[in-house]
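Engineer: Please read through the structure below; I'll follow up with questions.
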Amino acid sequence: MFIIETMKLDTLNSTDNIFLILKGAASKMLTNTDLIELTEFRQKLHRHPELSGEEVETARTIISALKLISPTKIVTKIGGHGVAAIFDSGISGPTVLFRAELDALPIDERNNIDWSSLIAGKSHACGHDGHMTILLALGRMIARKPIAKGRVILMFQPSEETGNGAKAIVADPKYSEIQADWAFAIHVKPGSPFGYVATCPGLINCASLGLKIKLKGKTAHAANPEDGTPPTQAIAKLITALEALGPGGELNDNFQLTTITHIQIGEPTFGVAPSDGIIYITIRAAKDELLIKIEASARNLALLIAKEYGLKVEFILSDVFSTSINNQDAYEVAVNAMNAIGVSNGNLGLPMKASEDFGVFGWSAKAAMLCLGPGEKYPALHNPNYDFPDSLIPIGSAIFERIARDLLGTK
Ligand SMILES: [Zn+2]
Ligand SMILES: [Zn+2]
C-alpha cells in the first residue's frame, strides 16, 4: 500500500484505478521518499517554464538531478539545450532510449496552485514537466538496480512544440554515440481514463506544418482605393480556396486538413487602403507525402491569385512535423510490458490529428509512443488550466522500467 498513501486520493475514481496503481508499482523500486521528491521536482519545473529553444535553466535543473543518480555519462547541449543521460551496462546489447521534452508554452496559466507558473505568459500546459519527471524516476530505478546488457538513454529533448527538437537531436554529431535501437515516449492524453494507455501500431500522430503567406501590394488613400493594389480580394479568395484543399473528416490514409489560423490585412486605421496582407495556414495529413503535396498546392494557389491581383507573394514555412509511426515490434514490447504490470491499454482515440515530433526517432530506431490518460474530465493540452497530475509519475515510470528490463534484463 505504500504508493497509495502518497497518492492524491481525489484523483482516483474507481477501484480499477487503485488496482492499477498497486500493480503499476510492482517494481517496488520507488519509495515514498522518491514520490515526495519527484512530486516536488515536477512542481519546481512547473513553476519555471521556458519556451522552445530557451530551455537553459530547465536543462540545468535536469543535469543537477541526473548527477545525483550517477549515470555512466551525461551528454549536454545536444540538439540545442538537450540533455541525455547514458546508463551503460558495459555488456554489449541494444540501446533503449526514453524521451521527454524540456519546453513549455506561451500560455498564461490560470491555475491558482502553490506551484503555478512564476513566469507571466508561459506555462507547462503540455505536461512536459511530468514527462521529464517520469524519466528521472526511471533513472532512479535503473541506477539502483542496473540493467544486465546494453544501454538505457534518458533523452531530454528541447523544442518539441515547434517541431525542431527531435530533428536537431538526431542531426547533432553527439547523437552518433547514442544511436538508439529502440525509442519510447509517453505523452499525457486528456480525455482518456486515469492510468489508461492508448497506443496502436502504425500511424499515431499526423504530419503538419505551418505556412505563412505574405501578400504585398501598394497603399492608397481610403477615398481612392483604385489607386493602390490592396490584398483584400485576393485574401478573400484564398480563404475559400485554401480551406477547400483540406476538408478534414474521418482520419483515414487520405486524411488532409487545412486550417486558417490567422489573417491580417493593412493597419487598424480608417484613412488608408491596405497594401499588405498575411494568412497563416496549418496543413495536416495522415502521410508525409500528402502533406508535401498539399503545401505545393497551397503555394501554387497563392501564386496564381496573387498574380491575378498584381500582388507580390512570399512564403515562410514553420512548425514542420513528420508523422509519428509506431513500429510493430516496439508497440508489442510496450503492450507486453503494460500487460505484465497491469496497466490497462488499448487504442482509444487513436490515431490523433495532432502532431508530435517524436516520430523523428522512429527514422532510425524501433519506436513507440504511449498516450497516458489523466482522467476523462481533465483539462485539454495547451489549456491555461492544464497541470500534469503527479499521480501519473509512478505509472509512467513503471511502464518504462518494465520495457527497459524486458529488453535489457536486470543485473
Ligand atoms: Zn504541446
Ligand atoms: Zn507535448
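The values are calculated or read from the model by the stated rules, or taken from the named source; none is laboratory data. Here the structure is a predicted model, which is why all the values come from computation and not from measurement. Here Cβ is always computed from backbone atoms with ideal geometry, including for glycine, and neighbour counts include all displayed protein chains. SASA here: full protein model, heavy atoms, side chains in, ligands and nucleic acids out. Shrake-Rupley method; radii C 1.70, N 1.55, O 1.52, S 1.80 Å.
Engineer: Output the residues belonging to region 256-268 that are in a loop (DSSP other than H, G, I, E, B) and open to solvent by 70 Å² or more (accessible area, probe 1.4 Å). Break it down into steps so the answer makes sense when it comes.
Structural biologist: Taking region 256-268 as the starting set, the residues that turn out to be in a loop (DSSP other than H, G, I, E, B) are 266-268.
Scanning region 256-268 gives Glu267, Pro268.
Engineer: Within region 380-411, can you find the residues that are open to solvent by less than 40 Å² (accessible area, probe 1.4 Å) and part of a loop (DSSP other than H, G, I, E, B)?
Structural biologist: Correct list: Pro384, Tyr386, Asp387, Phe388, Pro389, Gly409.
Yes or no, residue by residue, for (1) polar (S, T, N, Q); (2) within 16 Å of ligand 1 (Cβ to nearest atom); (3) in contact with a Ser or Thr (Cβ under 6 Å, 6 or more places away or on another chain):
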site	(1), (2), (3)
Gly90	no, no, no
Leu102	no, yes, yes
Ile119	no, no, no
Cys126	no, yes, no
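Engineer: Identify, by number, the condition in (1) farther than 30 Å from Val170 by Cβ; (2) part of a strand (DSSP E or B) that Lys237 doesn't meet.
Structural biologist: Unmet for Lys237, out of (1) farther than 30 Å from Val170 by Cβ; (2) part of a strand (DSSP E or B): (2).
Engineer: I need the full set of residues from region 221-255 which are open to solvent by 70 Å² or more (accessible area, probe 1.4 Å) and of a type in the set (Val, Ile, Thr), in order please.
Structural biologist: Answer for region 221-255, where residues must be open to solvent by 70 Å² or more (accessible area, probe 1.4 Å) and of a type in the set (Val, Ile, Thr): just Thr240.
Engineer: Looking only at region 332-379, count every residue that is polar (S, T, N, Q), surrounded by fewer than 17 Cβ atoms within 10 Å (Cβ to Cβ) and over 26 Å from Asp406 (Cα atoms) and tell me the total.
Structural biologist: Of the residues in that region, 0 qualify.
Engineer: Oh, and also: Look through region 177-194, keep the residues that are within 16 Å of ligand 1 (Cβ to nearest atom) and of a type in the set (Val, Ile, Thr), and return whichever of them is surrounded by the most Cβ atoms within 10 Å (Cβ to Cβ).
Structural biologist: Per the criteria, the residue is Ile186.
Engineer: In region 131-161, which residues are open to solvent by less than 10 Å² (accessible area, probe 1.4 Å) and either outside the structural domain of Lys44 (by TED's automatic domain parsing) or within 15 Å of ligand 2 (Cβ to nearest atom) (or both)?
Structural biologist: His131, Met132, Thr133, Ile134, Leu135, Met155, Phe156, Gln157, Pro158, Glu160
Engineer: Listed residues Val170, Val197; which is closer than 26 Å to Val320 by Cα, among the β-branched types (Val, Ile, Thr) and in the same structural domain as His46 (by TED's automatic domain parsing)?
Structural biologist: Val170
Engineer: So which residues in region 179-234 are of a type outside the set (Ser, Thr, Tyr) and in a helix (DSSP H, G or I), if there are any at all?
Structural biologist: The answer is Pro225, Glu226, Asp227, Gln233, Ala234.
Engineer: Now, a different point. May I ask you to verify whether Lys174 is over 18 Å from the mean Cα position of the chain (by Cα) and either within 16 Å of ligand 1 (Cβ to nearest atom) or in a helix (DSSP H, G or I) (or both)?
Structural biologist: Yes, satisfied.
Engineer: Can you give me the number of residues within region 175-197 that are free of Cβ contacts under 8 Å to residues at least 12 places away in the same chain and under 18 Å from Val343 (Cβ atoms)?
Structural biologist: 0
Engineer: To continue, here is another question. Counting only residues that are more than 16 Å from ligand 2 (Cβ to nearest atom) and touching a residue at least 24 places away in the same chain (Cβ under 8 Å), which one in region 118-130 is least open to solvent (accessible area, probe 1.4 Å)?
Structural biologist: Of everything passing the filter in region 118-130, Ile119 is least open to solvent (accessible area, probe 1.4 Å).
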